[in-house]
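The values are calculated or read from the model by the stated rules, or taken from the named source; none is laboratory data. This one's a predicted model, so the numbers in the text were calculated from it and none came from an experiment. Counting neighbours? That spans all protein chains shown, and the Cβs are built from the backbone with ideal geometry, glycine included.
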Amino acid sequence: MSDYVISKQALGPSVGYVELQSVTFPELPLDSGAVLRPVTIAYETYGRLNEDRTNAVLILHALSGDAHAAGYYPGEDKPGWWETMIGPGKGFDTDRYFVICSNVIGGCKGSSGPSSINPATGKEYGLSFPMVTVSDMVRAQKLLVDYLGIERLLAVAGGSMGGMQALEWAVAYPEQVASCIAIAATQKHSPMQIAFNEVGRQAIMADPNWRGGDYYDGDPPDAGLAVARMIGHITYLSDESMREKFGRRLRGKDTVGYDLSLDFEVESYLRYQGEVFTRRFDANTYLYITKALDYFDLSGGRGVLVEVFRDLPDDMRFLIIAFSSDWLYPPYQSKEIVHALKGNGLDCSYVEMRSSHGHDAFLLENKDLTRLVYHFLDTTARRRGVRLG
Amino acid sequence: MGCDLASGVPRNAEGVRWDHLFIVDVVAPGSRVLDLGCGRGTLLKMLVERKQVRGTGIEIVEEKVYDAVAKGVTVYHGDFGEGLGYYPDNSFDYVILSQTLQEAKETVAVLSEALRVGRYVVASFPNFGHWKARWQLLATGRAPVTESLPYEWYNTPNIHSLTIKDFRIFTREQQIRIVREFFVGARKPLRFWPNLRAAYGVFLLEKSTG
């Protein structure tokens, strides 16, 4: 997901100032067999938990997201990454729901990850941090949800990797999830998605500053991370949105330079996106999270998704959304999920939204998306008899 | 696409379409229902509220899907072909083709798929044999435009023009049994001479066992 600047007006009402919180648990067993000791989870919450503790919605973030999904930190202009969707009267209406978002493990924004201090050595983990998977991320989030005293989440929701976590939640803890919203997601990473991630990883590891991941006492591999981000960013856009946004416009010149200097607007934009990203993201985390994405397979290697959904409770609801111009996670991948759910007679709505914004469409202000989510949650809450605050 | 047939269908005093009322009446409480071409979800919502069905719809027009979800209805955005294929046999008690059969390209395939995934099929369509249509064609020599067939030849979503009689013959040929039938005239339900007098026909169908 990209860094977007959306006008204040389009953002609408906000939850206001928010605070990053964190909680540490003694251990977390991982899919790889390793055990993370201890594990810290950073999170934010918006809205109020009702007396019955039944109005909680867990938001899951994408590759480059974090726990800061909505509102503002004091002294900062930039709101959380899903400010368009979370707030009073918005899709995830904080007047009605208690919204939680946590940083994934392996991340670099407060939860345990390769840039955290290993208590055994007093130094950053680097590559000694164990590999994590999407189901490990979800297992960590379950610790948090249990800690917050929430027996059942009204919804788990996210886009891209967030959507994959939402699906994983539904399959791993079906009794703890009333509904699942997965946007621009997939049941398993395709060879093309793995390929793009691998190019990003190679760019980071080819940077001499990377030094086997042990760079925390020196200059970080910013050049490599920036290239990884540039590649990623291209895959989040679309041919149409790039033509609209940049065309073949030149940057600060009237004719091409006939040299290797910066010529086109799109080059400048990508360089800027790459550069900005290095200021807020850890290169090792990029390696770990892209690996977690590539390992993701909801069927657990069984290959037959219909069987995965077989034991889900009848009253669990799904909302699956894809975007017409998303070529990174194309609509057919969402449909595979929907068809497997339908094959089990499960309650699942599916929409392929017309959009020219590619994969990143879920991050942009979108009235239809707001309306879909708002009503889907409303129906779920009514069916479950949830009292809304 | 994007036309709303609904407006032309006669309604009862409460503003509910007669064909919908018949369908709500026919469907057994608590059954599983699939509405093909569910539009904005009006019928499904009524079935959920009045018959506590477990309902789901398929709709191709994106804006209509949003309205249906806003009504609390479950919808698949797509066409019948891809939407139906993934359901196992007998996934539903009823599959509804409300005013959509005449718009479906592969009529035979859609109907046989509907009868595969559903125990019963409810199909309704505007009657091309209505006396007004016959009269217009005869008297003016032009393609008829009536309350139930409100389109010009160049903008009609109806790619098949059929009469009640056509449909009855068709069901015989396809080994489909008509369990019940229901007809709506220009303003209200009717029973006699439907092929001449009915603006719409609604049929409850099942696979013929004989």
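Hey, could you check segment A:108-161 for residues that are in contact with a strand residue (DSSP E or B) (Cβ under 7 Å, 6 or more places away or on another chain) and among the aromatic types (Phe, Trp, Tyr) and say which is farthest from A:Glu365 (Cα to Cα)?
Restricting to residues being in contact with a strand residue (DSSP E or B) (Cβ under 7 Å, 6 or more places away or on another chain) and among the aromatic types (Phe, Trp, Tyr), the top hit is A:Tyr125.
Could you please let me know if A:Val256 is at pLDDT 95 or above, at negative phi, surrounded by fewer than 22 Cβ atoms within 10 Å (Cβ to Cβ) and outside the structural domain of A:Lys342 (by TED's automatic domain parsing)?
No, not satisfied.
Of these, B:Val117, B:Val61, which one is out of contact with any strand residue (DSSP E or B) (no Cβ under 8 Å at 6 or more places or on another chain), among the β-branched types (Val, Ile, Thr) and surrounded by fewer than 23 Cβ atoms within 10 Å (Cβ to Cβ)? Talk me through it step by step, then tell me what you get.
Working: B:Val117 fails: out of contact with any strand residue (DSSP E or B) (no Cβ under 8 Å at 6 or more places or on another chain).
Step by step, each of B:Val117, B:Val61 is checked, and only B:Val61 is out of contact with any strand residue (DSSP E or B) (no Cβ under 8 Å at 6 or more places or on another chain), among the β-branched types (Val, Ile, Thr) and surrounded by fewer than 23 Cβ atoms within 10 Å (Cβ to Cβ).
Only residues that are surrounded by 15 or more Cβ atoms within 10 Å (Cβ to Cβ) and of a type in the set (Phe, Trp, Tyr): list them for segment B:171-210, please.
Scanning segment B:171-210 gives B:Phe182, B:Phe183, B:Tyr200, B:Phe203.
Which members of segment B:50-82 meet the condition of being within 12 Å of chain A (Cβ to nearest Cβ), in a helix (DSSP H, G or I) and closer than 21 Å to B:Trp18 by Cα?
B:Ala68
What residue, of A:Ala166, A:Ala195, is closer than 22 Å to A:Ile41 by Cα, in a helix (DSSP H, G or I) and at pLDDT 95 or above?
A:Ala166
What tally of residues in segment A:345-360 results from selecting those that are facing chain B (nearest Cβ under 9 Å) and polar (S, T, N, Q)?
1
Here's a check for you: in segment A:314-341, which residue that is touching a Cys at 6+ places or on another chain (Cβ under 6 Å) and in a helix (DSSP H, G or I) is nearest to the other protein chains (Cβ to nearest Cβ)?
Checked segment A:314-341; the qualifying residue nearest to the other protein chains (Cβ to nearest Cβ) is A:Val338.
Give the residue, chosen from A:Leu328, A:Leu364, A:Leu305, that is assigned by TED's automatic domain parsing to the domain that holds A:Ala182, of a type outside the set (Asp, Glu), modelled with pLDDT under 95 and under 17 Å from A:His233 (Cα atoms).
A:Leu364
When you go through B:Ala114, B:Ala143, B:Ala123 one by one, which is the residue that is away from every other protein chain (no Cβ under 14 Å) and in a helix (DSSP H, G or I)?
Going through B:Ala114, B:Ala143, B:Ala123 in turn, the sole match is B:Ala114.
Check segment B:27-45 and report whether any residue there is over 23 Å from B:Gly201 (Cβ atoms), in contact with a helix residue (DSSP H, G or I) (Cβ under 9 Å, 6 or more places away or on another chain), part of a loop (DSSP other than H, G, I, E, B) and of a type in the set (A, V, I, L, M, F, W, C).
Taking every residue of segment B:27-45 in turn, none turns out to be over 23 Å from B:Gly201 (Cβ atoms), in contact with a helix residue (DSSP H, G or I) (Cβ under 9 Å, 6 or more places away or on another chain), part of a loop (DSSP other than H, G, I, E, B) and of a type in the set (A, V, I, L, M, F, W, C).
Within segment A:85-96, does at least one residue satisfy the condition of being at pLDDT 95 or above, assigned to a loop (DSSP other than H, G, I, E, B), surrounded by 24 or more Cβ atoms within 10 Å (Cβ to Cβ) and in contact with a Gly (Cβ under 7 Å, 6 or more places away or on another chain)?
Within segment A:85-96, one or more residues are at pLDDT 95 or above, assigned to a loop (DSSP other than H, G, I, E, B), surrounded by 24 or more Cβ atoms within 10 Å (Cβ to Cβ) and in contact with a Gly (Cβ under 7 Å, 6 or more places away or on another chain).
Applying the selection to segment A:213-228, what residues are over 23 Å from the mean Cα position of the chain (by Cα) and charged (D, E, K, R)?
A:Asp214, A:Asp217, A:Asp219
Checking the structure you have, find out if any residue of segment B:131-140 is more than 14 Å from every other protein chain (Cβ to nearest Cβ), over 20 Å from B:Val184 (Cβ atoms), small (Gly, Ala, Ser) and without any contact (Cβ under 8 Å) to a residue 60 or more places away in the chain.
yes
Given (1) at the interface with chain B (Cβ under 10 Å from one of its Cβ atoms); (2) surrounded by fewer than 22 Cβ atoms within 10 Å (Cβ to Cβ), identify the lone condition not met by A:Glu307.
Just one mismatch for A:Glu307, condition (1).
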